[in-house]
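K.L.:
Please read through the structure below; I'll follow up with questions.
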Amino acid sequence: MLRGKRGGRVGALEEETPLGSPQLPEAVSERVLLRGIFEIQRESCDVVLGERALRWRRIQPELPAGSSKCHLLGREESIELEDIFSVRLKRRCSVKQPGKGTLLGITLFICLKEQQNKLKDSTLDLINLSEDHCDKWFREFKKILEGFPSRPKALKIFLNPQSHRQESVQVYFEKVEPLLTLAGIKTDVTITEYEGHALSLLDECELQGFDGVVCVGGDGSASEVAHALLLRAQKSAGVEMDCLLTPVASQLPLGLIPAGSTNVLAHSLCGITHVVTATMHIIMGHIQSVDVCTFSSAGKLLRFGFSAIFGFGGRTLALAEKYRWMSPSQRRDFAVLKALAKLQPEDCKISFLTAGCSQDEQERKAKQSPESDHGGQWQTIQGQFLNISIMAIPCLCSVAPRGLAPDTRLNNGSMALIVVRNTTRKEFVKHLKRYSSIKNQFNFPFVETYTVEEVKIHPKNNSSEYNQQEEGQNHATVPENGFPWNVDGDLIKAASEVHIRLHPRLIRLYGESLEGMNDSKVACNCI
């Protein structure tokens, strides 16, 4: 029997009521659609299907003659209809006639919430041997399920077979596809063959008839598909790609199945890295609008993205890309150690617009020089910086359980700008270690944080000197006069100033973390 628990959607009431009463006392008054007798976990139950919930009470044995109560119903239990994602007729298996065995009743497939934002699929069997009775209830359940418009009926799937330890194919076909099939969702799967494959496919492929796009992979794959969807939206709307003050939103929602080494996007979205949870959010049609950034240089769009790191973070990724033959964890650890050994600051000027300006004011200020004094909110800092992070999402991951930007929301219309000024290697390592602990990683005199809507980062020195220190290595990943940026786990090169602008709620993602349900909660409380 499904048990009710605080914070869950399975409830239990303790009142008792006579069987002969016209209807079950319900927590919220609602119209009764059907009422009948079913056996649930080998106990006969009085079952009521309402407009919002399915409720049932166990029918207790008849009391002795003369008792004031002739029949009693046990404790009421219930499930909300919005938590049901599939219904099937339950039949006794027949080897000679598969799928045509003796009818036993109806099976409901339910999405249940566990602790720490985790979702799981469960079942509830309603046993009744009457064909007419079960058919009537089955048709009513099917009608109810068809009444959830946000739930997808067809999905375009992009699967990156190279993510993490090449586990994504196994993850999809063993854990994801069975649930999608159970929910009656049609899928069209494309296995990508190289970096940028999903980008080129989404530029041309036919998406009419699909209700959403799903990416199975890591942060790089997810970011590529999100970038491709937004590029396609601009192209469809006839928006000039290099003048994106107000880009149009993506037409289809994006689902993220975590199958990478860090899964920052999926973790920030759902509050947990869990394949079944991500899949259930897609099936249930839980959609969350998320802020997106544009990254531009020299007037040209580089990328749509959710976060970027310049300095130590960019150099670490550039080093890691040279050792793709290593496992992801080995490659990451090796690159971090090597970047720390050659730790050096970047001489930069950073201009930023603090959060709070109206859209019209932002566009007016964007046409002005950031240094011009017109009484606006632009600020400029400059000096030697070891690391600069710009993040529109909390960036939760296993190595930073509180998030790289723990006070940032998914869709509050602002970004976190985190600058780490030059300091000793020992102090910088202390700062990095704080990310994996419960201590405040920003509580250092050389770390500054700002809440912004727009940022311009202008490096003054040339990173080619750093590249020349890599003796005997192929420098193709970081070209001369180019600065390495880590944008959502992808290596992006820019030779001049990079302009980052936030665009609120530009893309819809499948997910519903605690933060998404209540923006007043900080990201670190979602774990």
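The values are calculated or read from the model by the stated rules, or taken from the named source; none is laboratory data. Every value quoted in this text rests on a predicted model; they were computed, and no experiment measured them. Glycine also receives a Cβ, built like all others from the backbone with ideal geometry; neighbour counts cover every protein chain displayed. Just so you know, the surface numbers come from the protein's heavy atoms only, side chains and all, with ligands and any DNA or RNA stripped out. Shrake-Rupley method; radii C 1.70, N 1.55, O 1.52, S 1.80 Å.
K.L.:
Scan (1) surrounded by fewer than 19 Cβ atoms within 10 Å (Cβ to Cβ); (2) at pLDDT below 95 for the single condition T380 breaks and write down its number.
P.N.:
In the conditions (1) surrounded by fewer than 19 Cβ atoms within 10 Å (Cβ to Cβ); (2) at pLDDT below 95, T380 misses (2) alone.
K.L.:
On to the next question. Would you say F385 is under 16 Å from S307 (Cα atoms), modelled with pLDDT of 95 or more, open to solvent by less than 10 Å² (accessible area, probe 1.4 Å) and over 27 Å from the mean Cα position of the chain (by Cα)?
P.N.:
Answer is no for this residue.
K.L.:
Of the conditions (1) open to solvent by 80 Å² or more (accessible area, probe 1.4 Å); (2) modelled with pLDDT under 90, A400 satisfies every one except a single condition; which number is it?
P.N.:
Only one criterion is unmet by A400, namely (1).
K.L.:
Here is a further query. If you go through segment 297-346 one residue at a time, how many are part of a strand (DSSP E or B) and either open to solvent by 20 Å² or more (accessible area, probe 1.4 Å) or charged (D, E, K, R) (or both)?
P.N.:
6
K.L.:
Identify all residues within segment 267-277 that are open to solvent by 10 Å² or more (accessible area, probe 1.4 Å) and within 12 Å of I393 (Cβ to Cβ); write none if there are none.
P.N.:
Within segment 267-277, H267 is the sole residue that qualifies.
K.L.:
Another question, then. Only one of Q60, Q115, Q97, Q41 is modelled with pLDDT under 85 and under 37 Å from the mean Cα position of the chain (by Cα); which?
P.N.:
Q115
K.L.:
State which residue pairs qualify: first residue more than 17 Å from R31 (Cα to Cα) and inside segment 137-150, second residue acidic (D, E) and in a helix (DSSP H, G or I) in any location, beta carbons under 9 Å apart, and separation of 6 or more residues or different chains.
P.N.:
F148/E82
K.L.:
Those residues that are in contact (Cβ under 8 Å) with a residue 12 or more places away in the chain and either of a type in the set (D, E) or not assigned by the TED database to the domain that holds R55 (or both), I need them from segment 113-134; list them, please.
P.N.:
Those that are in contact (Cβ under 8 Å) with a residue 12 or more places away in the chain and either of a type in the set (D, E) or not assigned by the TED database to the domain that holds R55 (or both): D121, D125, E131.
K.L.:
So which pairs qualify, if the first residue must be in segment 256-274 and in the same structural domain as S163 (by the TED database), the second must be in a loop (DSSP other than H, G, I, E, B) and among the β-branched types (V, I, T), the Cβ gap must be under 7 Å, and the two must be at least 6 apart or on different chains?
P.N.:
Close Cβ pairs satisfying both conditions: P258/T273; N263/T273; A266/T273; H267/T273; S268/I393; G271/I527.
K.L.:
Which helices (runs of 4 or more DSSP H) does segment 125-225 wholly contain that include 3 or more residues that are at pLDDT 95 or above?
P.N.:
Where helices (runs of 4 or more DSSP H) fall fully within segment 125-225 and carry at least 3 residues being at pLDDT 95 or above, they are 131-145, 177-182.
K.L.:
Something else now. Quick one: is G105 closer than 30 Å to H281 by Cα, at pLDDT 90 or above and in a strand (DSSP E or B)?
P.N.:
When the stated conditions are applied, G105 passes them.
K.L.:
Let me ask something additional. Take K100 and decide whether it is open to solvent by 70 Å² or more (accessible area, probe 1.4 Å) and free of Cβ contacts under 8 Å to residues at least 40 places away in the same chain.
P.N.:
Yes; evaluated as a whole, the condition is true for this residue.
K.L.:
Exactly one condition in (1) part of a strand (DSSP E or B); (2) touching a Leu at 6+ places or on another chain (Cβ under 8 Å) is not met by P247; state its number.
P.N.:
(1)
K.L.:
Can you pull out the residues in segment 204-262 that are among the β-branched types (V, I, T), farther than 30 Å from S327 by Cα and open to solvent by 40 Å² or more (accessible area, probe 1.4 Å)?
P.N.:
Those that are among the β-branched types (V, I, T), farther than 30 Å from S327 by Cα and open to solvent by 40 Å² or more (accessible area, probe 1.4 Å): T246, V248.
K.L.:
Does Y466 qualify as being modelled with pLDDT under 85 and open to solvent by less than 20 Å² (accessible area, probe 1.4 Å)?
P.N.:
yes
K.L.:
Any idea which residue in segment 490-499 is most open to solvent (accessible area, probe 1.4 Å), counting only those that are out of contact with any His (no Cβ under 7 Å at 6 or more places or on another chain) and either outside any strand (DSSP E or B) or under 24 Å from Q251 (Cβ atoms) (or both)?
P.N.:
Out of the qualifying residues, it is A495.
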